[in-house]
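The values are calculated or read from the model by the stated rules, or taken from the named source; none is laboratory data. Predicted model, so just to flag it, every value in this text is computed and none were measured. All Cβ positions, even for glycine, are placed from backbone atoms using ideal geometry, and neighbour counts span all protein chains on display.
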Amino acid sequence: HAADAHRTDLMTITRFVLNEQSRHPESKGDFTILLSHIVLGCKFVCSAVNKAGLAKLIGLAGETNIQGEEQKKLDVLSNEVFVKALISSGRTCILVSEEDEEATFVSPSLRGKYCVVFDPLDGSSNIDCGVSIGTIFGIYMVKNSEPTIEDVLQPGKDMLAAGYCMYGSSCMLVLSTGNGVNGFTLDPSLGEFILTHSDIKIPRKGKIYSVNEGNAKNWDEPTAKYVENCKFPKDGSPPKSLRYVGSMVADVHRTMLYGGIFLYPADKKSPNGKLRVLYEVFPYVVLGGTSRRSGFHRQAQGP
Ligand code: AHM
Ligand code: MG
């Protein structure tokens, strides 16, 4: 029975990536190994997030990151977990983390061909109150045999793969290798991410807008007008609903599933916008570019 197949023939994320990889006969499995280390990091952070209260992990670690924000213990822990998991995969050469001021160059003996940019625990303002937070990552291929900083200063469209893990009411990992977007939910009893949302497409129309409206006084005119029109539509359509978690991973995840718009516009306070382009925005260029209803797909150049 088909119903039985659903329960007994599980598409784990590893199986899924191995299937994808078989379409690239030249591949040696390096990407699968890298991904399994990212998955380990996500599971570790998920477990730490769930136990945060219990394990007294919450609280300030007394450190400040490059953006001048106070780091929470969970941020520090998540960063360490990902850095160690990525280095030990033996498949990375440069790591760029939101929590580290400088890029990490992996020592030659452990070096591989992938560069990983990531925000280990995004949504820092939501850690202490147990609201959804997440990890965002993007993967580039190193260009030359000797890695340089140029290798991580590549356009978002050149990322080979990107994804995020949301530590929410369930733990979900959403991944794209440039050919569709797929979502996997962690089954805690198995410790495996299982394919639950295949080929995610952003609905063409949505009824939700998502923005920090507390910043409205600093917006420029077009942004203010746009948001005003969400609330008081000129064409007589019903007003949109406002949803704003304040964790980009959660706000964008909802937008991918329900449609609508998420925005963090530049304003007088942050003229370049608040979100950091390399590890908070580019990964979503990959995910968004490949999950549009229009059927637009990035050229599959994946691992
Ligand atoms: P963080 O890296 O310190 O967590 O900041 C990024 C977060 C995003 O997840 C979210 O979209 C945004 O900051 C929320 O900012 P604000 O609190 O200004 O609305
Ligand atoms: Mg962040």
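How about the range 246-260: which of its residues are assigned to a loop (DSSP other than H, G, I, E, B) and within 13 Å of ligand 2 (Cβ to nearest atom)?
246, 247
Restricting attention to the range 204-245, and to residues there that are part of a loop (DSSP other than H, G, I, E, B) and within 14 Å of ligand 1 (Cβ to nearest atom), which single residue is farthest from the chain's Cα centre (by Cα)?
219
If residue 79 satisfies all but one of (1) within 13 Å of ligand 1 (Cβ to nearest atom); (2) touching a residue at least 60 places away in the same chain (Cβ under 8 Å), what's the number of the condition it fails?
(2)
For the range 122-141, what are the residues that are closer than 17 Å to residue 98 by Cβ and within 14 Å of ligand 2 (Cβ to nearest atom)?
122, 123, 124, 125, 126, 127, 133, 134, 135, 136, 137, 138
Please state which of the following conditions residue 177 fails to meet, knowing it meets all the rest: (1) closer than 20 Å to residue 79 by Cβ; (2) more than 16 Å from ligand 2 (Cβ to nearest atom); (3) within 17 Å of the chain's Cα centre (by Cα); (4) among the β-branched types (Val, Ile, Thr).
With (1) closer than 20 Å to residue 79 by Cβ; (2) more than 16 Å from ligand 2 (Cβ to nearest atom); (3) within 17 Å of the chain's Cα centre (by Cα); (4) among the β-branched types (Val, Ile, Thr) applied to residue 177, the lone miss is (1).
When you look at residue 132, is it touching a residue at least 40 places away in the same chain (Cβ under 8 Å) and farther than 27 Å from residue 194 by Cα, yes or no?
no
With away from ligand 1 (no atom under 16 Å from the Cβ) and under 22 Å from residue 276 (Cα atoms) as the only criterion, which of 167, 114 stands out?
Just a single option satisfies the conditions, and that option is 114.
Which pairs do you get when a residue that is more than 13 Å from ligand 2 (Cβ to nearest atom), found in the range 97-121, comes within reach of a residue that is at pLDDT below 95 and among the aliphatic types (A, V, I, L, M), reach meaning Cβ atoms under 7 angstrom, with the pair 6+ apart or on two chains?
101/66
Take residues that are surrounded by 20 or more Cβ atoms within 10 Å (Cβ to Cβ) and touching a residue at least 24 places away in the same chain (Cβ under 8 Å) and tell me which of the strands (runs of 3 or more DSSP E) falling wholly in the range 141-203 contain 3 or more.
Filter on the range 141-203 gives 161-167, 171-176, 181-187.
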